[in-house]
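Below is one structure, written out as structure tokens; comments come after it.
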């Protein structure tokens, strides 16, 4: 095949694949003769010209002798084709350069926002059945009747519903649950087989509780609905789901970060080297330590009262020979034998030679016999175990419980302990490094499904315990009138309330699993669309936030591509709260590891139980671990790893199975457990050095002929986790591959194994909002991510029918002129969060110092920065136990009853309410106006004659006395009634919800921010006629001080302005993805400058501006153009606060604290110090006493104690008594000291 195509040249351009040719008619005729008609729609696919041309382009070496593949593009490039693509995401591509088009398909398979949804589906469909059918929970028996049993046959979750009046079940939508403050939940049904009397009975569809349903999960009504169907249900089609609605509040279960279970972590503590192993199985969770103390090795476990010498533990497991123990630990290097010498002397000191002696010694050290007795192994057939038998049970089932022991065959567990001891001693001798606890391969992430699984297991066992107690209570009575039906005693509220309380409070307190966590769930932030997306990917660490330790907070190299480097909060949670990167996937547990184990055996892994210690630790053998357990040894580890990866790439093993060769530990680690973070990469062919992804693959994806799973099975792409990344060499761009091919494939240093799909995927979903993040200083990107979650915009498509507590909405949101591929993937253009402002970078008037901005008054009049604030006010009309109930009353009709008639403030505050006592829609509400004129009965406990439900809300009962309990409006500015809702919740309480609306224009003090971390308040609003203007007479919307650039180093903002300006004149949105210039995912400054020149503008983006005051040209060229600005939720109207007199705290009589309580303005310690330095004593006296808590007290001059007025109780005299003024808090301190037997005496002197 020749280097050049026969008729045309396929070229890879940022605009997608194009074919340029000068012989159009001949080409079409040639194509008609040589190709069959295409069998798919031609729109958007006209440039597919056959397999031979595709293969020619794909097989073209990247390191061509004359030109690179991408250099050719520059020559052929059309002048107008600058920067980014004009084709949609699903259009075919022209070269591997456009491999970013894989992203939508990866996100369909393992969506960034579907992590929680997938884990919840797995819990409902698989784990729930496993819990119900587990050996410890599937059957209930009674000690009082040996024939009685109850066995669970099946378990499933029904459809979301709610219980209405008369116990009828009705299907319910999430939107209705939000409005009615209900829980979006579904019943849990089981089929049970049990004994009733003497007859076995099978009962189906027995409800044992209700479980909150995650939105967009398989059990949710919104799953797989069309946009029209979602609109009919008043749901936003772009809502990601993944959260719960509990009591009307949206709750998210955050991803929890934990250290790996069933893995050995070697760490250094104050006492020395220590190996910690957290064992976790379905039945038991325990932690064991193997540590060095005084040169000897010990085993530490909570069940054992003290540390046990490791040699005694091994002897108790049946390894009685010292030689065999040394062989298990290993003899190479020889220092290991010397390090074990002291430990080998320990059993001889205690006179322990045999297994029985060792077990008896350990049995005497078991801490709690009662704790052991409550476990699964204490009583077999009612017989109490001896200490030796108890120790054997502890070794089998408690110590390192994840290592299975069958029929007390401790061989595998002894070899595991020997391997750990070897590693501990090697670290102690300095032959091997410690493990890094912060390395992300040692971490596991718990998703909503994992946490709910633990919660359900705990609640289900409590439910069974309660059911057994009820059965024992009835069956213990010998004379029963009727046959006992255990199903009638089932109480569903145990599981229902447990689930709802855990999710609504966020407290996961499970004593069974030693879990006590707070803050597991959080209220879903609805400040903006991006803040809601950001919460779905948030990872919460269990590390204590107050500890100032840098290790867990710092950015780890292992987090590349797994976690977003920019998305972390400032302050004490910095680095502890993290977010997933765009393509990260969290694995779920494989149901069965037997296939992988069988595969390893077929590939030559020798069983560890048949090995001696010498064979295990020989120089040629590599240990093979499966999920932390020793599977065996293999003599050719490289071949084993290669074979396993080939199997995985052909679909013969799970796509998320990790195979990692650790040469330093001489081990192959195979992992199939859940909670590992992994990401997809393109495989680079070993022989050619070219990526295996071909143009045909991506075009097949675009046409729907292939999906990502097919690419995984064909070995084109694969998921790689943190551990396996250590065995890879990943090329970030194709240029890296080109350099490697030029250097020669035999150069092992440059032999790449994988290629990044696109470098911008190292950022998270919120980090994708930043234009050109790779040109900004790193902290600026972190600030931007935090502020993007506070930016106003469009919250959701259903924002105006929602009744959230507080909702900020921009009146005229705009899609950004400069966007990234990430924003396309999350539909940010349809739900934007800001506006494009034409800015001028210049100094103006001095009101723009310290990042303040100048706003154009006419732009504000046209709607720039205008927002709506909708706030919910809610009250309930309750029914009380004595039959009384709240009522609403209309406004007073007689104005003459008030002193000032209809102008009286007490009468005017009722003017917004209707005859039913509820405010009218559209009415203005001033401070103090009544929204709901509610009255409550004064007595809600005593039974009152005639108190009956039949009385109307308005009339009430004449025997009942009522007190006003109206709901007034409190606010600095007037609001308007937007919506009124009257409904009821599940507790049959009437709810009255009122939404108040304020439309706010930007004012001085409101906060704005660009997407580059440059936040600033509005310093001045200037009339348009006073602002500078350009040749066309256009004035900027916003003026920014140029001093904001040098120290902040936000070059990305300069580029955004330049390419955005070019995009305006070219009539399209520009692209600015991270690291995207050479891929066509970001416009370059050169291409933008060319576009500006074509449109008659200065290529630097600068314009001549004329002074708005005298009309003369300004002395400098002004850098001006469009920049996407966000209006943040921080507005001066919500923060302005002042007071003269107001409420005071009851105890100290000092002014209350905080704006919401109408508190005082605090003069703190530092302000006091400044006043002392100035010597302003009178001002100090005024602020700290007269304006605060001045108090007149009487002091006896004789005894110095505080006394009554004109009388000293201590001296029994009223002669030497003086009045003083002091702060009330000071007087309170003296009295509290007296109550603690500390007697302060005041010695007064007259300074007159």
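Remarks
- Efficiency of FRET between residue 1065 and residue 1107 - r from beta-carbon atoms, R0 25 angstrom, step 0.05: 0.50
- Spacing of the two label points (7 Å from each Cα toward its C-beta) at residue 461 and residue 258, in nm: 1.4
- Correct option for Cα extents along the principal axes in Å [calculated from the coordinates] among (i) 138, 103, 87; (ii) 100, 99, 76; (iii) 123, 83, 67: (ii)
- Backbone N under 16 Å from the residue 134 label point (7 Å along Cα→Cβ), restricted to the stretch 480-511: 509-511
- Mean ellipticity per residue at 222 nm, deg cm²/dmol - from DSSP H runs of n ≥ 4 across the chain, formula -39500 (n - 2.57): -7500 deg cm²/dmol
- Exposure proxy shown here: for 145, 894, 827, the number of other Cβ atoms within 10 Å sets the order, fewest to most, as 894, 827, 145.
- Theoretical FRET efficiency, 1/(1+(r/R0)^6), r = Cβ-Cβ of residue 1187 and residue 908, R0 41 Å, to 0.05: 0.80
- Radius of gyration over Kirkwood radius for the stretch 868-999, both on Cα atoms: the Rg/Rh ratio is 1.00.
- Extension gain (nm, one decimal) between residue 522 and residue 154, 0.36 nm per residue minus Cα-Cα: 129.2 nm
- Annotation: the residues 662, 634, sorted from fewest to most other C-beta atoms within 10 Å of their own C-beta, follow the order 662, 634.
- Net length available on complete extension from residue 1020 to residue 923 is 31.7 nm, with 0.36 nm assigned per residue and the Cα-Cα distance removed.
- Amide N of the stretch 167-205 lying under 13 Å from the label point, which is placed 7 angstrom from the Cα of residue 801 along Cα→Cβ: 173-179
- Spacing of the two label points (7 Å from each Cα toward its C-beta) at residue 967 and residue 163, in nm: 2.7
- Part-to-part distance (alpha-carbon centres) for the stretch 179-217 and the stretch 520-588, which is given in Å: 36
- Label sites at residue 1114 and residue 341, each approximated as a point 7 angstrom past Cα along Cα to Cβ, lie 8.3 nm apart.
- DSSP beta bridges in the stretch 592-671 [antiparallel fraction, %, rounded to 5]: 75
- The chain - percent relative contact order, Cα under 8 Å, separation 6 or more: 10
- For 817, 233, 842, the sequence from fewest to most other C-beta atoms within 10 Å is 233, 842, 817.
- Available extension along the chain between residue 294 and residue 198 is 28.0 nm, counting 0.36 nm per residue and deducting the alpha carbon span.
- Rounded if a/c under 1.5, otherwise prolate or oblate - the stretch 346-505, Cα gyration tensor axes: oblate
Every number in this text was worked out from the coordinates using simple rules, so none of it is lab data. Note that this is a predicted model, so its numbers are computed, not measured. Because the Cβ atoms are built from the backbone with ideal geometry, glycine has one as well, and the counts that use them run over all protein chains shown.
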